[in-house]
Amino acid sequence: MIVFFDLDGTLTDPREGITRSIAHALERMGVAPPPLDDLTFAIGPPLRHSLAQLLADERRETVEQALAHYRERFADVGLFENVPYEGIAETLSALRGAGARLFVATSKPLVYADRIVRHFGLDSHFESVHGCELDGTREDKRDLLPYILQTHALRSEDATMIGDRGVDMRAARVHGLRGIGALWGYGSREELLEAGADDLADSPLALRTKLIRPHHA
């Protein structure tokens, strides 16, 4: 069993750190930020796209400037305004005990993703952590998944992608992975199903039940 896990909204809840860092970036760009609750749509998808939407400006130089302001706060403060979801560590441990090979597959830059996974003590469960480069290379999950498959000589038909957003399910579908939507995150049931999710899980415990055969439970 091979399982790819998204990070934000699947392994950990980064709501405070991401929304506050986006608000910081908008303020630095001279744009009044909306209420933090209105920024949760940006948790999960590639951040450049969300910043362009919030700024109503898709020019690369503008988006990159906003991203630099976001990272001013996120790299030292927002990174750890974050918490693992209840039951996720136990689910990862059970999957490893059942012989699963686990990988992190996130649109977040690897330099941040690796620090977060280690900070919360989740790194021992994973064979490897994969994210994008700071310049945006492989921030689209449709580019990231084949990179992981090739790097570790894995077969897509043996793998499952766990994520809370449509981008996770679409990438899984494109590359022939089973996709299970994490309903405890930020994507809705409708978003996940419309993106092609093969199944949905209400909680990390429910996910464990779906992935582990009864004789492993």
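No value in this document is a laboratory result; all are computed from the given coordinates. None of these values were measured; they are calculated from a predicted model. Neighbour counts are summed over all protein chains in view; Cβ atoms, including those assigned to glycine, are modelled from backbone coordinates with ideal geometry.
Things to note:
- For segment 83-159, the list of trypsin sites (Lys or Arg not before Pro) that fall in a loop by DSSP and count at most 15 other C-beta atoms within 10 angstrom reads Arg155.
- In loop segments of segment 1-63 as defined by DSSP, the trypsin sites (Lys or Arg not before Pro) with at most 16 further C-beta atoms inside 10 Å of their C-beta are Arg59.
- Three-way shape label, segment 69-172, alpha-carbon gyration tensor, a/c 1.5: oblate
- Relative contact order %, segment 15-80, counting alpha carbon pairs below 8 Å whose residues are six or more apart: 49 percent
- Each Cα pair under 8 Å and six or more residues apart adds its sequence gap; the mean of these over the residue count of the chain is a relative contact order of 24 percent.
- The label-point distance for Val77 and Glu90, in a model that sets each label 7 Å from Cα toward Cβ, rounds to 3.5 nm.
- Toward the positive end of the charge dipole of segment 15-80, with +1 on the Cβ of Lys and Arg and -1 on the Cβ of Asp and Glu, the farthest Cα among Tyr70, Leu54, Val31 is that of Tyr70.
- Net charge over other residues, Cβ less than 10 angstrom from the Cβ of Leu36 (K, R count +1; D, E count -1): -1
- Calculated P(r) of the chain - Cα pairs past 31 Å, %: 16 percent
- For segment 15-54 versus segment 126-198, the gap between their alpha-carbon centres in whole angstrom: 23 Å
- Of all DSSP beta bridges in the chain, antiparallel share, percent nearest 5: 10 percent
- Relative contact order for segment 124-217, counting Cα pairs under 8 Å that sit 6 or more residues apart, in percent: 19 percent
- Tail beyond 18 Å, pair distance distribution of segment 15-80 (Cα, percent): 24 percent
- Segment Arg115-Ser188, length gained on full extension (0.36 nm per residue, minus Cα span): 23.5 nm
- Taking every Cα-Cα distance in segment 133-193 and sorting them into 5 Å bins from zero, the calculated P(r) comes out as 4, 20, 27, 22, 17, 9, 1 percent.
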